[in-house]
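Some notes on the structure that comes next.
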Amino acid sequence: MSTKRISKEFAEVSQNPPEGFTITLPPSASLHTWHIVLTPPPSSPFHPGRFGIILTLPTDYPFKPPVVKFITRLYHPNVTNDSLGNVCLGILKPENWKPSTKIAAVLEALRNLMIEPQPDDPLEERIADEYRNDRPAWEAKARELVNRFALEEPVFPAS
Amino acid sequence: MDSEEEYMSPMSSGDEIMPDDSGDEVSGAEDFDEDDFDEPDPDFGLSAKDMDKKKVAAHTVSFKVYEPSDIRRQQEEMMSDVNMILDMSKEDAAILLRHFRWNKERLLEDYMDHPEKVLEAAGLSSNSASQPKLQAVPGFVCDICCEDEEGLQTFAMKCGHRYCVDCYRHYLTQKIQDEGESARIQCPSDGCGRILDARSLDLLVTPELTDRYHELLNRTYVEDKDTFKWCPAPDCPNAIECGVKKKDLDRIVPTVECLCGYRFCFGCPNPDHQPAPCDLVKRWLKKCADDSETANWISAHTKECPKCSSTIEKNGGCNHMTCRKCKYEFCWMCMGLWSEHGTSWYNCNRYEEKSGAEARDAQTKSRTSLERYLHYYNRYANHEQSAKLDKDIAQKTEKKMVQLQTTSGMSWIEVQYLNSASQALQTCRQTLKWTYAFAFYLAKNNLTSIFEDNQKDLEMAVENLSEMFEKPIQELADPKLKVDIMDKTSYCNKRRVILLEDTAENLAKGKTATRPFLVYDFPLTKTYRQMDV
């Protein structure tokens with residue numbers, strides 16, 4: 001039953017993407033996996049990086065929230081600093097998710113997270129502490145990782 | 001098995017037997033009973049007399065047990081009250097009551113002040129008199145599934161967020177079945193906090209879910225009220241009400257007993273742990289579970305190789321140690337290099353050095369502290385083990401009673417004294433177990449020696465009773481032994497009450513006493529905590 005909703009959302013978002021986003025479907029895949037490239041605005045310390053994000057829609061979507069993972073490494077309090085790239089986003093928590101929430105809103109929240117991290121709800125405690133107590137050091141490291149990992153076009157895994 | 005048995009059996013049956021017996025001892029036993037009868041089984045009718053007695057006894061709290069029908073009836077009564085006072089339908093009253101977490105007084109007060117605001121907040125604005133209904137809206141597109149078929153059945157609450165019935169149902173099924181929610185399910189719209197009322201839910205929820213939904217709804221009553229708790233015994237559907245306050249938990253141990261016979265603490269998630277207060281129990285359990293005690297043993301019985309830091313236990317022999325791992329040779333006494341000992345083989349004369357003396361001191365302290373802990377722990381664990389055998393004992397008792405009836409020709413009622421004895425053993429052992437955890441944290445003063453005397457008296461009585469209780473059937477048939485067991489049973493129960501009462505009084509006074517009754521951070525304990533690191 002969710003196909004209609006997903007195709008509609010994909011049509012809207014891909015034709016008229018929110019600022020800084022490019023959205024594609026991986027070749028020969030179902031509508032349930034989206035490849036997203038996010039370029040944060042100049043006000044973000046992650047600018048001008050290009051970040052690859054995989055958005056997976058569960059079979060129960062929109063009754064269950066989508067799952068979002070970064071494939072590009074970044075130094076961020078709310079994204080695990082490993083190859084998994086798990087994201088902590090309030091809107092995606094089961095208790096906050098509502099079936100009427102749209103993927104556009106999720107993208108919006110992701111962009112805001114790149115401008116303003118949420119150190120009070122961290123996945124990486126250490127990075128959150130640094131962000132709170134020594135902002136210049138955090139920013140330097142964040143930029144360093146952008147230069148190391150995020151200047152090329154993100155490469156999405158084949159499957 | 002325990003529910004029926006414990007419900008039927010305890011002391012009150014003893015009550016009935018006592019007069020059957022002849023002799024002087026009986027009257028003595030009866031006197032005991034007068035004192036402690038209401039104590040081991042407080043569920044036996046909460047008459048006004050009982051309640052009064054409970055207020056007097058320092059180690060008991062007053063509480064009530066409710067069966068599922070009582071819980072439903074209470075909700076009904078509150079609904080009717082609100083229904084009468086505020087002149088609204090029972091369904092609306094229920095929604096309001098759930099919104100106010102069953103605090104009727106606050107509901108009425110708030111409603112009198114701002115009726116519109118209250119109704120609005122609970123999802124019942126004044127024009128909601130019309131029943132919730134399904135509608136087909138021309139040109140409607142469901143925002144969830146994007147379905148736009150003509151004649152699609154839709155539903156919306158007062159907030160106006162309209163979705164198709166299928167999506168609404170799917171949403172509710174997920175909330176009720178997967179997430180176990182009932183009274184506080186929100187509108188599916190993003191950012192809308194309106195709570196789905198029971199009437200709308202009844203309309204939308206599929207028949208298979210209705211029962212589950214109403215069961216969950218019924219449960220929220222107990223969960224919403226701070227003074228209510230479910231009985232934690234497996235499969236027990238009862239709830240218990242107890243008004244004990246959180247801030248009093250350092251002075252009161254609120255043990256309650258369900259109709260099913262399960263005794264538990266109302267203040268924490270543990271089974272009955274009188275006389276020890278909840279906080280102490282938490283510390284004790286953590287202490288026993290912690291690996292720190294293992295580390296402690298290691299620090300008292302082993303040393304580290306000065307070179308490779310392997311842990312070494314000296315199991316006899318001389319002081320000349322050779323580490324098996326790195327082959328380092330050192331002296332067990334001073335931990336120094338063995339070759340530096342020169343000619344003083346097998347006798348370390350550097351032993352008296354100041355640093356050596358300090359190290360030895362620390363080791364001794366650690367050992368004393370460990371022994372102190374082990375002293376209490378072993379006794380605690382011993383009684384716990386016995387408590388675990390309670391079920392076997394209870395079963396054995398039953399068998400014994402049957403045997404006794406056939407061998408001695410005693411009637412059922414005449415052998416009930418064995419059941420009373422078994423009950424007393426179980427309850428007293430549970431208490432004894434916790435007296436040892438409690439004693440570990442006791443300050444050394446005269447109150448403590450009184451406590452230890454009480455503990456000793458109870459323990460002796462329990463062991464005596466236990467010994468008699470396990471005698472072979474032939475001897476149990478002896479009327480003399482029967483009287484002895486009955487006496488001892490009463491005596492055990494009485495000693496237990498005395499111990500609990502004394503301790504409870506001291507705990508209650510604890511805050512004002514110049515010398516503290518309980519010391520959580522014992523000087524000794526502190527020392528060996530440092531050793532752990």
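The numbers here are math on the coordinates, done by the rules we state, and not lab data. Since we're looking at a predicted model, the values are computed, not measured. Heads up, the Cβs are rebuilt from the backbone with ideal geometry, glycines too, and the neighbour counts pull from every protein chain shown.
Taking packing as the residue-averaged number of other Cβ atoms within 10 angstrom, the listed peptides A:31-43, B:164-176 run from highest to lowest as B:164-176, A:31-43.
Neighbouring Cβ atoms from other chains, within 10 Å of the Cβ of residues in A:99-105, number 5 on average. Here the residues B:C305, B:C265, ranked from fewest to most Cβ neighbours within 10 Å of their Cβ, fall in the order B:C305, B:C265. Relative to the 2.2 N^0.38 Å rule of thumb, the range B:130-238 has a C-alpha radius of gyration ratio of 1.24.
Proximity of backbone amide H atoms, modeled 1.01 Å from N, is registered between B:Q153 and B:V165 at under 5 Å, excluding neighbours fewer than 5 places apart on the same chain. Shape verdict for the range B:185-234, please, from the Cα gyration tensor: rounded (a/c under 1.5), prolate (a/b greater than b/c) or oblate. Oblate shape, in that a/c is at least 1.5 and b/c is the bigger or equal ratio. Applying D = kT/(6 pi eta Rh) to the range A:3-149, where Rh is the Kirkwood radius over alpha-carbon pairs, T corresponds to 37 °C and eta to 0.692 mPa s, the Stokes-Einstein value obtained is 208 µm²/s. Placing R0 at 51 angstrom, the Cβ-Cβ distance between B:N464 and B:R101 gives a FRET efficiency of 0.50 after rounding to 0.05.
Mean per-residue shielding of peptide A:3-13 is 2, counting Cβ atoms of other chains within 10 Å of each Cβ. In the calculated pair-distance distribution of the range B:54-98, the portion above 17 angstrom amounts to 50 percent of the Cα-Cα pairs. Evaluating kT/(6 pi eta Rh) at 25 °C and 0.890 mPa s, with the Kirkwood radius of the range B:62-167 over Cα pairs in the Stokes-Einstein relation, gives 151 µm² s⁻¹.
Mind checking which lysines have their Cα closer than 18 Å to the Cα of A:K69? Skip sequence neighbours fewer than 8 apart in that chain. Here the lysines satisfying the reach criterion relative to A:K69 are A:K93, A:K102.
Principal-axis analysis of the Cα atoms of chain A puts helix A:103-115 at an angle of about 10° to the longest axis.
Rank the residues B:C242, B:C278 as a footprinting-exposure proxy: fewest other Cβ atoms within 10 Å of their Cβ go first.
Numbers: B:C242 17, B:C278 20.
Listed from fewest to most nearby Cβ atoms, that is B:C242, B:C278.
Inter-chain neighbour count for B:185-194: the average number of beta-carbon atoms from partner chains within 10 Å of each residue's beta-carbon is 3. Legend: distances between Cα atoms for B:K282/B:K399; B:K246/B:K433; B:K225/B:K282; pairs beyond 27 Å are B:K282/B:K399.
Distance from the C-alpha centroid of the range A:77-131 to that of the range B:214-290: 38 Å, rounded to the whole angstrom.
The peptide list A:113-125, B:454-466, put in order of mean Cβ contacts within 10 Å with the highest first, becomes B:454-466, A:113-125. Over the Cα atoms of the range A:66-129, the radius of gyration divided by the Kirkwood radius equals 0.96; this is the Rg/Rh ratio.
With Cα atoms as the point set, the radius of gyration and Dmax of the range B:68-129 evaluate to 11.2, 35 Å. Modelled this way, with points 7 Å down the Cα-to-C-beta line, the labels at B:E313 and B:Q153 are 7.2 nm from one another.
Peptides B:201-207, A:61-67 ordered by packing proxy, namely the average of other Cβ atoms within 10 Å per residue, highest first: A:61-67, B:201-207.
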